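Some notes on the structure that comes next.
The values are calculated or read from the model by the stated rules, or taken from the named source; none is laboratory data. Since the model is a prediction, treat every value here as computed from it, not as a measurement. No Cβ is skipped: glycine too gets one built from the backbone with ideal geometry, and neighbour counts run over all protein chains shown.
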Amino acid sequence: MSILGSRFALLLALVAADAAAVQSVVLPAWVCAHPDAIYVGGFESGQIAVPHNPSNGSGGAFPGSQSRVLHISGLGSGTQTYYLYLPSDYTPAHSWPLILALHGVAPYPGTSYAMDVRDTWAQVAATGHFIVAAPVADQVIDVNGQSGVSWLMPPTFGPNDYTLFAAVRADLEGAYNIERTRLYGWGFSSGGHVMHALGLDKYSSVFNASTMAAYSVSAGALAGEACKGLSDTECSQLLASLPRKIPVDIHIGTSDTYIYPYAQSDHARFLSQGWVDSQTIFYTAFSANNGDHNYYPTDLQQAWGNLCPQAVTP
């Protein structure tokens with residue numbers, strides 16, 4: 001068996017191991033519609049049960065824009081900074097949804113790109129009542145003759161950015177009260193490629209189809225990471241092997257001539273494997289002046305509208 005074949009077989013085995021472990025939950029409308037829903041009690045009676053699995057962490061600085069430093073031996077310099085936003089009404093007395101937000105390829109060191117992602121998502125999180133975490137990619141690459149950064153992915157030997165994501169989650173759960181049934185993900189461009197991979201493979205033990213309630217990509221493609229090197233049949237088999245139809249939100253500009261055809265194909269592939277439009281797959285192709293390779297606050301607001309009602313059983 002080839003190295004690629006072995007990798008694909010491992011992916012299927014890892015994903016299949018969780019085949020009956022979790023279930024999707026569509027939350028009652030008040031969770032997202034009520035401006036103070038996170039503080040409201042008693043709504044569960046006679047309605048859909050709202051799953052809860054709080055981390056009960058405390059001690060982290062809040063509210064507003066924050067940064068935290070991690071020390072991960074063997075990954076880059078060993079010191080990683082990630083950027084946070086906590087809404088003005090955050091309190092550790094309640095558990096809060098979390099979105100992991102991944103930037104695209106960026107000039108070295110990528111700090112400003114992670115901060116831009118955090119700050120743009122903060123506009124949505126301020127009224128959506130959730131926490132945003134934006135790490136910085138670690139792999140130094142060449143971008144048009146200049147140093148840049150992108151995400152270092154498995155099956156790379158040794159620490160990679162999946163190690164970073166795990167450390168971010170562990171740090172957040174200790175410092176803040178995170179609602180583990182409502183972990184979400186979003187990525188732009190190469191960050192979108194990575195987010196597809198997090199949702200579909202099992203190289204990450206902390207962000208995957210069994211732990212994330214849902215995820216969103218802007219200008220990301222399955223072929224970028226999740227199905228890179230796989231045949232069409234193998235890519236479809238990977239989707240079919242998941243423990244659940246994890247809800248997926250796709251945003252793509254129609255003038256993004258490189259990614260747009262991939263996004264169209266990805267939408268069709270999800271549908272062919274049992275995802276349902278406006279229930280488990282949300283596809284938005286935007287045009288006019290903003291139909292390019294980019295993301296905008298309106299995209300993130302729409303994405304959150306699709307992500308927010310989704311939860312996963314503990």
From A213, A209, A226, A240, residue being over 17 Å from the mean Cα position of the chain (by Cα) and modelled with pLDDT of 95 or more: A240
Residue satisfying all of: in the stretch 71-94; at pLDDT 95 or above and under 20 Å from the mean Cα position of the chain (by Cα); farthest from G191 (Cα to Cα) among these: P87
Options E234, E173: the member that is at pLDDT 95 or above and farther than 25 Å from L300 by Cβ: E234
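In the stretch 292-304, what count of residues is obtained for those that are in a loop (DSSP other than H, G, I, E, B) and closer than 10 Å to Q123 by Cβ?
Taking the stretch 292-304 as the starting set, the residues that turn out to be in a loop (DSSP other than H, G, I, E, B) are 292-296.
When the remaining residues are screened for being closer than 10 Å to Q123 by Cβ, the result is none.
So the answer is 0.
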The stretch 124-174 - residue that is among the β-branched types (V, I, T) and surrounded by fewer than 18 Cβ atoms within 10 Å (Cβ to Cβ) and, of those, nearest to Q66 (Cα to Cα): T127
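Does the stretch 259-273 include one or more residues that are assigned to a loop (DSSP other than H, G, I, E, B), crowded, with 16+ Cβ neighbours inside 10 Å, touching a residue at least 40 places away in the same chain (Cβ under 8 Å) and among the basic types (K, R)?
No, the stretch 259-273 contains no residue that is assigned to a loop (DSSP other than H, G, I, E, B), crowded, with 16+ Cβ neighbours inside 10 Å, touching a residue at least 40 places away in the same chain (Cβ under 8 Å) and among the basic types (K, R).
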Some residue of the stretch 220-229 being in contact with a His (Cβ under 6 Å, 6 or more places away or on another chain), closer than 14 Å to L100 by Cβ and buried (at least 24 other Cβ atoms within 10 Å of the Cβ): yes
Residues being hydroxyl-bearing (S, T, Y) and not in a helix (DSSP H, G or I) - total across the stretch 218-251: 3
Residue within the stretch 156-166 that is more than 17 Å from Q80 (Cβ to Cβ), without any contact (Cβ under 8 Å) to a residue 60 or more places away in the chain and not hydroxyl-bearing (S, T, Y) present: yes
Test set (1) more than 25 Å from N208 (Cα to Cα); (2) within 21 Å of the chain's Cα centre (by Cα) - G59 fails condition number: (2)
Search result, residues across the stretch 102-118 that are within 18 Å of L86 (Cβ to Cβ) and hydrophobic (A, V, I, L, M, F, W, C): A114, M115, V117
Condition check for N289: surrounded by fewer than 22 Cβ atoms within 10 Å (Cβ to Cβ), in a helix (DSSP H, G or I) and out of contact with any helix residue (DSSP H, G or I) (no Cβ under 9 Å at 6 or more places or on another chain): yes
Pair list, Cβ under 7 Å, 6 or more apart: the stretch 287-302 residue closer than 11 Å to H251 by Cα, other residue of a type in the set (F, W, Y) and surrounded by 14 or more Cβ atoms within 10 Å (Cβ to Cβ): Y295/F188; L300/W121
In the stretch 281-313, the residues that are more than 24 Å from W96 (Cβ to Cβ) and modelled with pLDDT of 95 or more: I281, Y283, T284, A285
Test result for Q123, out of contact with any Ser or Thr (no Cβ under 9 Å at 6 or more places or on another chain) and without any contact (Cβ under 8 Å) to a residue 40 or more places away in the chain: no
